[in-house]
1. Against the definition (within 30 Å of Ser171 (Cβ to Cβ), at pLDDT 95 or above and surrounded by 13 or more Cβ atoms within 10 Å (Cβ to Cβ)), how does Val78 come out, yes or no?
2. Any residue at all in the range 205-214 that's modelled with pLDDT under 95, part of a helix (DSSP H, G or I) and either open to solvent by less than 20 Å² (accessible area, probe 1.4 Å) or more than 19 Å from Ala130 (Cβ to Cβ) (or both)?
3. Give me the helices (runs of 4 or more DSSP H) completely within the range 237-345, filtered to those with at least 2 residues that are aromatic (Phe, Trp, Tyr), ordered by residue number.
4. Counting only residues that are over 14 Å from Ser5 (Cβ atoms) and out of contact with any strand residue (DSSP E or B) (no Cβ under 7 Å at 6 or more places or on another chain), which one in the range 37-61 is most open to solvent (accessible area, probe 1.4 Å)?
5. Six or more apart or on different chains, Cβ atoms under 8 Å: show the pairs whose first residue is in the range 118-133 and of a type in the set (Val, Ile, Thr) and whose second is assigned to a helix (DSSP H, G or I).
6. Could you list all residues from the range 37-55 that are at pLDDT below 95 and on the phi < 0 side of the Ramachandran plot?
7. Among residues belonging to the range 29-81 that are over 30 Å from the mean Cα position of the chain (by Cα) and of a type in the set (Phe, Trp, Tyr), point out the one that is nearest to Phe109 (Cα to Cα).
Amino acid sequence: MKYLSRPLIDWAIHEIETKYPEDISILVGHKGWRIPEDGEEVAFNFFIPATDKGYSLAQTFIINEIGYDLFPMSWERVEGLAEVNESLTTCLADGIILYARNEKDKARFIQLQQALKDHLADHSFTFNKALEKINSAMELYKTMAFEESLCHVRKGAGFISQYLVEAIATSNGTYMKNGPQDIISTLKDFKQVPVHFIGLYEQLIKAEQVEVIKTLSYELIKMTRDFFSSKDTRVIKEEECEFQDLAAWYEEGRYTFRRIGYYCEQNDPFNSFSWGYHFQREFDCIQKDFGLKEMDLLGVFNPNDLSIFKERLDEIEAYIVSEIKAHGVKIRIYDTLEAFLNHMN
């Protein structure tokens with residue numbers, strides 16, 4: 001048997017020109033993901049429909065025991081590839097135009113390829129995109145942690161490692177050109193890879209027990225997160241941070257400071273904790289949005305001694321207020337209702 005490339009390209013183009021002349025924008029070819037004995041000739045990969053009728057060109061079939069898939073991707077989805085939103089980045093990056101309805105469609109596709117290149121050359125973009133992929137791995141892990149089937153746990157571990165590998169590739173300004181093939185050799189070509197990642201990945205593939213696979217998956221995620229934390233060189237520019245917004249947050253949040261303080265004084269660990277973890281989420285958000293230091297409230301929570309919790313709460317409040325004032329923003333504080341009304345008038 002032999003993988004059919006050129007004859008099927010000719011067939012696809014003939015189908016387009018005779019049946020869908022106004023309905024297909026682009027037919028894209030690709031070399032990738034075939035086994036060595038099938039060669040590396042460019043074969044059709046996907047097409048971009050211009051109309052709803054164009055989707056009818058999609059075909060799946062088998063010739064001499066080899067399966068073929070001519071599938072559609074909308075312009076919107078291909079734009080998503082340029083944003084590195086999927087695992088199929090190579091389909092755009094390494095795509096070869098086999099047919100274009102007109103020069104405008106051809107130019108649009110080439111522009112998306114250039115947009116992808118520009119994104120991969122942008123450290124801020126690649127770092128944030130890598131974090132998205134790590135978050136996807138973490139979401140998968142949450143589900144896998146409750147699985148007991150070896151089959152499902154292995155599947156989960158496979159996709160977790162895929163997202164992590166893609167995160168590493170993206171942070172290196174590139175993508176997985178071979179998709180799920182030759183992952184280890186591809187990782188070895190990257191300049192920056194977490195130490196011991198490849199070794200852990202090999203252990204994961206060879207693991208045979210559910211709990212071992214879960215543990216290794218967790219270690220891979222943690223290792224990758226720590227690696228990215230150490231490489232985070234992003235700087236939040238002050239002009240991008242509207243500290244007036246932080247002041248508004250504080251003016252609203254002042255009541256929560258008071259509320260938690262009250263429950264601490266009442267020696268009520270349940271309400272103190274309940275409001276505390278909600279406020280911790282707020283602290284984490286403003287830390288990122290305004291480039292503040294870490295504000296650890298829950299780390300000192302002790303249900304048997306809420307005085308330390310209250311003390312830390314006061315320290316955080318004082319720190320936030322000092323940051324607002326340091327940026328020349330005035331907090332709207334009035335001693336009395338009369339003072340407020342006079343100001344409003």
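1. Working: within 30 Å of Ser171 (Cβ to Cβ): yes; at pLDDT 95 or above: yes; surrounded by 13 or more Cβ atoms within 10 Å (Cβ to Cβ): yes.
Taking the combined requirement at face value, the residue satisfies it.
2. yes
3. Working: elements: 243-265, 269-290, 306-326, 337-344.
Because the criterion is at least 2 residues that are aromatic (Phe, Trp, Tyr), the helices (runs of 4 or more DSSP H) in the range 237-345 that meet it are 243-265, 269-290, 306-326.
4. Initially, the range 37-61 is screened for residues over 14 Å from Ser5 (Cβ atoms), giving 46-61.
Within this subset, residues satisfying the condition of being out of contact with any strand residue (DSSP E or B) (no Cβ under 7 Å at 6 or more places or on another chain) are 51-53, 56.
Working: Thr51: 50, Asp52: 133, Lys53: 112, Ser56: 69 Å².
Top of the filtered list is Asp52.
5. Partner pairs satisfying both residue conditions: Thr126/His119; Thr126/Leu120; Thr126/Thr170; Thr126/Ser171.
6. Of all residues in the range 37-55, those at pLDDT below 95 come to 37-45.
Matches in the range 37-55: Glu37, Asp38, Glu40, Glu41, Val42, Ala43, Phe44, Asn45.
7. Looking at the filtered set, the residue picked out is Tyr68.
Residues checked against (1) in a loop (DSSP other than H, G, I, E, B); (2) farther than 27 Å from Met176 by Cβ; (3) not assigned by the TED database to the domain that holds Ile183:
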position	(1), (2), (3)
Ala12	no, no, yes
Glu15	no, yes, yes
Glu22	yes, yes, yes
Gly29	no, no, yes
Gly32	yes, no, yes
Phe47	no, no, yes
Lys53	no, yes, yes
Phe61	no, yes, yes
Gly67	no, no, yes
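The values are calculated or read from the model by the stated rules, or taken from the named source; none is laboratory data. Keep in mind that what you see is a predicted model, and the values were worked out from it rather than measured. Every residue, glycine among them, receives a Cβ derived from its backbone with ideal geometry; neighbour counts consider all protein chains shown. The area values use the complete protein model at the heavy-atom level, side chains included, leaving out ligands, DNA and RNA. Shrake-Rupley method; radii C 1.70, N 1.55, O 1.52, S 1.80 Å.
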